[in-house]
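Each remark here refers to the structure printed beneath this line.
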Amino acid sequence: MKRESNREGGFHYAWVILIVAMMVLGVYVPVVNSLSNTWQIAVTEDLGFSRTAFSFTGTIAQAVGIFLGPVVSVFLTKYNFKRIWTAAAIAFAAAVFGYSLAQNQYQFYALGLVVGAAYITTAQIPMMMLINNWFSEKKGLATSIAVSGISAGGALLSPLVNSLIANVGWRMSYRVYAMIILALAVVFGIFLIYLRPEDRGMKPYGYKESDDLPADPTKDTNKSLNVGLTIAASLSCSFFIFLLLGSVMNGLANGASLQFPPALQEAAGFKTAGTVVSIYLLLGVFGKLLLGRIADKYGIYHALFFGAATLALSFVAMLFVPFAWGPGSWPWSSASAWL
């Protein structure tokens, strides 16, 4: 029997997809981004190579994602999304587990290649595809909730990882993290993930018959980033070029703010460092939800302007950190850095 396309007042499966996306981003992203340097001191002191060499592992993982991103999006759409995602997630878990067996920096580099490929195939790109397919209404809010999982997951996992490193060693902490990744891969990949509502005989959340009509090119609601360009056309489009430049600058700004965990570990110990990083990430949850609300109500450009302005202001505030009265000591300074 065909399922109802969208039950009025009932529970829609899109919310299950949203929870899946939030949990996947909350676990899969931090090990590559916000928590990657948490292992830096323990690994480099044990294996005897430089911190710069360890950080290069993360650079490799993210660089692989940059080059594979366009290819991955095509493969996920053209072929069996469920199988590709599940296989990549299992490979992700295996590579993170492999970190625990590494004996030198070159083994970390090799595993970083696998982590990067698996990461881009399982995290932001596929999760945003799911949100875009399953939500017709409240897409901005759903996206912000899903992305807030990155901060929430990092906030919850930071003290766990720091505690494991301090008590059972960095190798075991990698293994525990890998098991968490594997658990999500099996449960979500086999039982819960569906690329499109039609795969379950449904329509997207908030679907209306007018959604199937051709878009009116004369109307620009300022609430969509669907520009309808091919890859070849986008390479010569100023919109795409500025989007790339903005992404690079945003990556540099956020990447710079994520270099403090090793220094905190040395200065205050693993427990305190884990707590500080958790607070830092937790503030980002509220920032992402606020951005989603602004995008839904006022449009994507207002949200971008607000996010860019607060990010810039947070770094200006950091100039006054040495002063007791300086805005760098205010809570909103850390929050805005994560918008």
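The values are calculated or read from the model by the stated rules, or taken from the named source; none is laboratory data. Everything numeric here is computed off the predicted structure, so don't read it as measured data. Every residue, glycine among them, receives a Cβ derived from its backbone with ideal geometry; neighbour counts consider all protein chains shown. Remember, those area values only see protein heavy atoms, side chains included, never the ligands or the DNA or RNA. Shrake-Rupley method; radii C 1.70, N 1.55, O 1.52, S 1.80 Å.
With the simple spin-label model, which puts each label point 7 Å out from Cα in the Cβ direction, the Ala63 to Trp15 separation comes to 4.5 nm. For the range 1-126, the per residue solvent-accessible surface stands at 46 Å², with DNA, RNA and ligands left out and a 1.4 Å probe. Share of carbon and sulfur in the accessible area of the range 25-108 stands at 65%, probe radius 1.4 Å. Measuring against 18 Å, Cα to Cα, the residue pairs Lys82/Lys139; Lys138/Lys288; Lys82/Lys288; Lys139/Lys203; Lys139/Lys297; Lys139/Lys288 contain Lys82/Lys139; Lys82/Lys288 as the ones spanning a longer distance.
Working from label points 7 Å from Cα in the Cα-to-Cβ sense, the Ile190 to Ser238 distance is 5.3 nm. Modelled label positions at Ala309 and Phe49, each set 7 Å beyond Cα in the direction of Cβ, lie 4.5 nm from each other.
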